[in-house]
Amino acid sequence: MPTDRRRFCLLVDDDELVCMVFSRAFAGQKEFLLDIAMTVKDALDKIAVAMYDVVFLDMRMDAGFNAGMDVLREIARLKIQARLTKFPGPNTFVVIMSGSIDFREVMQEANKLGAIAFVDKPSDFSVDFVRDIVNQIGLPLMPKHT
Amino acid sequence: MRNPFKAWWRWVFERAAFYHPVRAEVLIVEDVDSEAELLSTLLRNQRAVTTRVRNVAGALEVLNGPNRFQVAFVDLGLPDGSGSEVVRLIRDRRRGTHVVLVSGDPEKVMLALGHGLVTVMMKPYAVNTVREVLTMMRLPHSD
């Protein structure tokens, strides 16, 4: 049943430009709270503390070619743990934003990780692109930010 | 000890979800009857209304109609073409519809990822995965 509570989103990306575009897209949005992690360690710390509704994840970060995989595995582990203990755990939906080469590794483990969304990161990363992604995962329409 | 007040609220919320007037409209594009039946049953258990088509032509016909689908589950191997054609059609005609690709072959999925945001459900999938998609879309479901 639809609820009116705010959506808690986490962006995991080491690219400052991407973080800036996301911040602009989410600025002034009453339905959302955006948190940003620029390193894998930071992301793991945040995931351990808070239950995010959506995680936008870049697979390729400074820590390694597939550093995002650690974050993905940790989210899956927390989900399974919550299911086993019947404790209300995170119902996190992961959106992987990367070049298509990086998807191959995830596909091998996709069965264990639940539903994961993929989107190619375009070269002209814009506020409209972010808004389009958010709209496509069924979250409330974000009006143009002026 | 079981809390009777909590149980009563749970009962009330379950009934409220059952009688909720809004139902999720879901399109299933799948040629194998048994798999379509399984997915349809899972979705109906989550209070969704399903429309099933068997091929690309059927999907085109339905997408030209008045239905507004919130989610489309698309199988990649269809008899008259690829599921990625259906994804392209959905992107052209129903921008707000969330696409879920269902496949057992990671390589086929890789080829179909060029059409914007797509969720991937690898076979064999869990019931929870279907529920996760509906939860994320804020659609009425049985939880």
Selection from the range A:115-140 of residues that are under 19 Å from B:Ala112 (Cβ atoms) and either at the interface with another protein chain (Cβ under 9 Å from one of its Cβ atoms) or modelled with pLDDT of 80 or more (or both): A:Ala115, A:Ile116, A:Ala117, A:Phe118, A:Val119, A:Asp120, A:Lys121, A:Asp132, A:Ile133, A:Gln136, A:Ile137
Sole residue being polar (S, T, N, Q) and either closer than 21 Å to B:Asp33 by Cβ or loosely packed, with under 15 Cβ neighbours inside 10 Å (or both), chosen from B:Ser103, B:Ser84: B:Ser103
Listing of strands (runs of 3 or more DSSP E) fully contained in the range B:64-143 that carry 3 or more residues being at the interface with chain A (Cβ under 8 Å from one of its Cβ atoms) and without any contact (Cβ under 8 Å) to a residue 60 or more places away in the chain: B:118-122
Selection status of A:Phe8, closer than 22 Å to A:Ile116 by Cα, within 14 Å of chain B (Cβ to nearest Cβ), crowded, with 21+ Cβ neighbours inside 10 Å and not acidic (Asp, Glu): no
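The values are calculated or read from the model by the stated rules, or taken from the named source; none is laboratory data. The structure displayed is predicted, hence computed values, not measured ones. Positions of Cβ are backbone-derived with ideal geometry, glycine not excepted, and every protein chain shown enters the neighbour counts.
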